[in-house]
Structure formats: structure tokens, C-alpha cells
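Each remark here refers to the structure printed beneath this line.
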Amino acid sequence: MLFSAKIDLAKRMIEPHTKHNVVRLSALKEYFNDQVEVERMINSLGDLVVYEYFENSFGDEEENVNFGLTVLYPGKVGREYFLTRGHFHEKRAAEIYIGLEGEGVILMQSEDGKVEWRPLEPNTVVYVPPGWGHRTINTGNQRLTFFFAYPSDAGHDYEIVRRKGFAKLVVEENGRPVLIDNPKYRT
Ligand code: PA5
Ligand code: MN
């Protein structure tokens, strides 16, 4: 199918899209290190939207490229910045991220537990290699918006990250993001 899509940063979306997912704090409880603080935030501030994404998805069909736009809002749970769940792709497949607005990072972890992070900001392209789990983190005060594209038959595996997390956390220290060991990580 031949088509083009328009990114509208003011409206925070890509048009057309086949999928729009909104992820709130309550759905991310187990992904943050301080779950008591998440609960406290939900009770005092309500169930905030942490991120949403719009995707042109071809299902699990081979040969195409799924692509879309993610908007990750600013915020923190204690010292830990707002984040996406993160996942591995079921099939070893690379993914491209392009920063459009805001300041953030991509945290990546190889199958054997090596962790790397790279800035994600306007005009930055990050190449996530095949086999690396990935999560994005908003380390700024504005929304972090980025474009992503990956092979349509890659699939998503959310289970590994949900159960084990990433080996490192991105937290604020003296106003700057730093990488620290995840105290709850098990190999
Ligand atoms: O495939 C990707 O990496 C992105 O499209 C993400 O799915 C998107 O940013 C949302 O993050 P997650 O899938 O970890 O909830
Ligand atoms: Mn991905």
C-alpha cells in the first residue's frame, strides 16, 4: 500500500494512524521503582497520562514497516523520570527513533544484560540494534515527542521487562539525569 502521513506536533499526532494507545500511571505502577509513591501520586493527582502513541501498524504481516509517533509527558515518580514500559521485539529486529521535541534518553539493554543509553532530542536519530530491549525516558520539563519505525513482523515481548525491569534506572541527581543500578533487578 502506498501512502504518506503527516506529523502534526501542535496536535501531537500522526495522521493517518491505525492505532492510538494511551498509557496512564496506574498501568505503569510495577514499572517504577517506588510503587508506594506511584500510589500516592494517583491518590493525590489522579491517574495521569504518562504517554500516548499513534501507530501505522500492518499487524504481523511481513515485508512492511510499522511507524508512528510517541508523546511522553514530563514528570517523575520520586527521582525517577516518566518512562515507557519498554520491550524487546519478539523477532530480532532493529528500530529507528527520531527525536522531534523535548529532551530524553533511550535506555537499551542487550540480551546478555549490557546497558547503554543515548540522548533523544530534536534532530537526533537513534538506531536500536536487533536484540536490544528499549525504553524511552523524558528527562526534561516539556513533552518528549519522537518518531519510530520497525519491521512489521517484529512483534513485541513486554514480559521480560515487566518481570525483571532494566538493570539500570534513570533518575534525577542535582537537576541532571544519571544512570543508577536498579535495586530490584534480578538476572
Ligand atoms: O516499538 C517501539 O519501540 C515504540 O513504538 C513503542 O512501542 C512506543 O514508544 C511505546 O512504548 P512501549 O511499547 O514500551 O509501551
Ligand atoms: Mn520497539
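A few comments on the model shown:
- For segment 106-125, the set of residues classified as of a type in the set (V, I, T), over 14 Å from T139 (Cβ atoms) and free of Cβ contacts under 8 Å to residues at least 60 places away in the same chain consists of V125 only.
- Matching option when the condition is touching a Leu at 6+ places or on another chain (Cβ under 6 Å) and either more than 27 Å from D47 (Cα to Cα) or within 15 Å of ligand 2 (Cβ to nearest atom) (or both), among L83, L72, L107, L120: L72
- Among the residues of segment 40-52, just one is within 16 Å of ligand 2 (Cβ to nearest atom) and touching a Phe, Trp or Tyr at 6+ places or on another chain (Cβ under 8 Å), namely Y51.
- Hits in segment 71-95 - residues which are near ligand 1 (Cβ under 10 Å from one of its atoms) and surrounded by fewer than 20 Cβ atoms within 10 Å (Cβ to Cβ): R85, H87, A93
- Of all the listed residues (R92, R12, R85, R24), the sole one being within 23 Å of Y150 (Cα to Cα) and within 14 Å of the chain's Cα centre (by Cα) is R85.
- Residue, nearest to M1 (Cα to Cα), within segment 15-37, restricted to residues that are touching a residue at least 60 places away in the same chain (Cβ under 8 Å) and within 16 Å of ligand 2 (Cβ to nearest atom): V23
Values in this text are rule-based calculations from the coordinates and carry no lab data. Predicted model only: the values in this text are computed from it and were never measured. Methodologically, a virtual Cβ is constructed for each residue, glycine included, from the backbone with ideal geometry; neighbour enumeration extends over all protein chains shown.
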